[in-house]
1. Which residue, chosen from 161, 187, 233, occupies the Cα position most advanced towards the positive end of the dipole of the chain, where the dipole is computed from +1 (Lys, Arg) and -1 (Asp, Glu) charges on Cβ about the Cα centre?
2. Using a Förster radius of 22 Å, what is the FRET efficiency between residue 9 and residue 239 based on their Cβ-Cβ separation? Nearest 0.05, please.
3. Quick check: residue separation of residue 100 and residue 43 times 0.36 nm, minus the Cα distance between them. What number comes out in nm?
4. For residue 36 and residue 167, what is the calculated FRET efficiency with R₀ set at 35 Å and r taken between the beta-carbons, to the nearest 0.05?
5. Please check: in the Gaussian network model of the chain (C-alpha springs, under 10 Å), which one of 113, 190, 233 has the largest mean-square fluctuation.
6. Starting from the Cα of residue 69, step 7 Å along the direction of its Cβ; do the same at residue 108; then give the gap between the two resulting points in nm.
7. Under DSSP H, which helices of the chain have Cα atoms covering 18 Å or more of the helix axis and a Kyte-Doolittle average no less than -0.5?
8. Using 0.36 nm times the number of residues separating residue 138 and residue 220, minus their current alpha carbon distance, what extension gain do you get?
Amino acid sequence: MFALSFRADLSGPLLQLWAPTLQQYADLVATPSYLRLLGTSIVVAAAVAVIAVLLAYPLAYFLRFHAGRRQGLYLLLLLLPFWTSYLLRVVAWRLMLGNDGVVNSFLQSVGLINEPIDALLYNRAAVIVTLVYVWIPFAALPMLAALQRVEPHLHEAAADLYAKPSEQFRRVTLPLSMPGVLIAFFLVFIPTVGEYVTPSLVGGTSGTMYGNIIQDFFTRAANWPFGSALSMIMLATTLVFSAVAVRLINVRRLLPS
């Protein structure tokens, strides 16, 4: 794909020799809308990652400190959606958010609305909601791994020093679990930048993301060289964020002692 991005077109056999050119990248830079869409996708991915981490942290905290002997059962329930196809889970959200879906039907049944709300589906908000649901279990696991290393006796020591529960969390639990929080953020953020299945199903034209443009150039437009150039730009962007993640996160702190 990297080599293909330097090809002018697809005329002739795919594996034949061709004169490398930067034309695809020049066309990409000359069309700011593609880079703006990449920026929008980065913002959406960051929003999904932040919300997923905020919602998954209490789950991980509960599993570590309050689940007790039922931790294994609760963890199984958390991972249970993985047994279902990713595509089916996304389609289920489209059914729930549609005009005849569960949300609109409930709001109408309690008298809060008279007509279905069209704004629940086919926009970026629907994409964010669906992706947050999909990624919450992924976000919870690294944070649970980090919390497993927080020994209860540390809380007892903090309590002996007259630290309130809120102070124990702020000064003991949260700092020690921060590597897991950062891993969870990047674990959600990086793949979401190139997401295209969920925006296609629940986002519509208003929820288009960068991955959808790449898909279109490989399928509908059959312009593989330009689609490859778009892919290389996205790959370079995600590699930058991956490098930042490696610099920020000390993975050894999550490994068993």
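1. 161
2. Using R0 = 22 Å, I get an efficiency of 0.20.
3. On the way: separation 57, 0.36 × 57 = 20.52 nm, distance 3.02 nm.
Going from the current span to full extension adds 17.5 nm.
4. Calculated transfer efficiency: 0.20.
5. Highest fluctuation of the listed residues: 113.
6. 4.9
7. 32-65, 124-147, 174-193, 224-248
8. 26.3 nm
We did not get these values from a lab; they are worked out from the coordinates using the rules stated. Note that the coordinates shown come from a computational prediction; the quantities given were computed from them, not determined experimentally. Positions of Cβ are backbone-derived with ideal geometry, glycine not excepted, and every protein chain shown enters the neighbour counts.
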